[in-house]
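Undergrad: What follows is a structure written as structure tokens; I'll ask about it next.
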Amino acid sequence: MVTLTLSTVTFDHVKIVVLIRIILGVHQPMTNQFAVSPGAGILRPATQCPSPNQDDRLGGSEPNLVIIHGISLPPGEYGGTYIESLFTNSLDWSAHPYFGEIEGMQVSAHLLIRRDGEVIQFVPFQRRAWHAGESCFRGVSCCNDFSIGIELEGTDESPYEDAQYDCLMAVLAAIMAAYPAIELRRIAGHSDVSPGRKTDPGPAFDWLRLYDGIRLGNAQHNDE
């Protein structure tokens, strides 16, 4: 029996979550409908994989910024459970030569959107994930304090998948509905808040596609 808490997640648990999804066919379905549970900050439907790398937001404040990241582990390779393992402090550092360069790193994000559009949540939106590092947005530093971090499985140079854009737009619609302070101009890239230090999500990410999709979704919602 595996006991899972917000502060303790084992590598065995990560493997068990993946195996259950495969064996039972409960791979989180791609959907254009998401909702954020009030108060708890849980995204539904999304696969839940709690990370210990989180803490309280200062003063219990609500997020007012979204930061888009890009990630692949090892770099340029997709699939597997390496990202989940990294975010739950259970990565086998000897599994790949690159992992030695990041050994001991303790990071997380609120969400990961995989290449096929699967959405995994590691940290509730009401809590602070450790994703931005040294950062500043419009003169305010420590973006982790007031932001939601969304990782897209990908690299700076390779185009992101249609399924990722579709799910990202739907996820952002739900987030913006739950947290009205987040608007289009408060959706930024990691490279925007950490210039010179970070480059993701990179030139491969189509910002105009994202903005146009959100605007279209808002217009359709207003017409209903």
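A short reminder: the numbers here are calculations on the coordinates, not readings from a lab. None of the values given here were measured: they were computed from a predicted structure. Here Cβ is always computed from backbone atoms with ideal geometry, including for glycine, and neighbour counts include all displayed protein chains.
Undergrad: What length, rounded to one decimal in nm, is gained on full extension from residue 42 through to residue 96, with 0.36 nm per residue of separation minus their alpha-carbon distance?
TA: Contour length minus the Cα-Cα distance gives 16.2 nm.
Undergrad: Output the peptides 179-191, 62-74, 126-138 sorted from most to least packed, where packing is the average of other Cβ atoms within 10 Å over each peptide's residues.
TA: Descending mean neighbour count gives 62-74, 126-138, 179-191.
Undergrad: While we're on this one: Where in the stretch 124-166 is the amide nitrogen less than 11 Å from a point lying 7 Å along the Cα-to-Cβ axis of residue 115?
TA: What the label zone holds, given the 11 Å backbone N cut-off, is 153-155, 159-161.
Undergrad: Would you please classify the overall shape of the stretch 139-206 from the alpha carbon gyration tensor, given that a ≥ b ≥ c denote the square roots of the eigenvalues, rounded means a/c under 1.5, and beyond that prolate means a/b larger than b/c while oblate covers the rest?
TA: In terms of gyration-tensor shape, oblate.
Undergrad: Can you list the residues, at least 5 places off or on another chain, whose amide H is less than 5 Å from the amide H of residue 35, using H built in the peptide plane?
TA: It is 44, by chain and number.
Undergrad: Let me ask something additional. According to a simple spin-label model (label point 7 Å from Cα along Cα-to-Cβ), what is the distance in nm between residue 35 and residue 184?
TA: 2.7 nm
Undergrad: Using the Cα centre of the stretch 45-223 as the reference point, and only Cβ charges (+1 on K/R, -1 on D/E), how large is the resulting charge dipole? Debye, rounded to the nearest 20.
TA: In total the dipole reaches around 600 debye.
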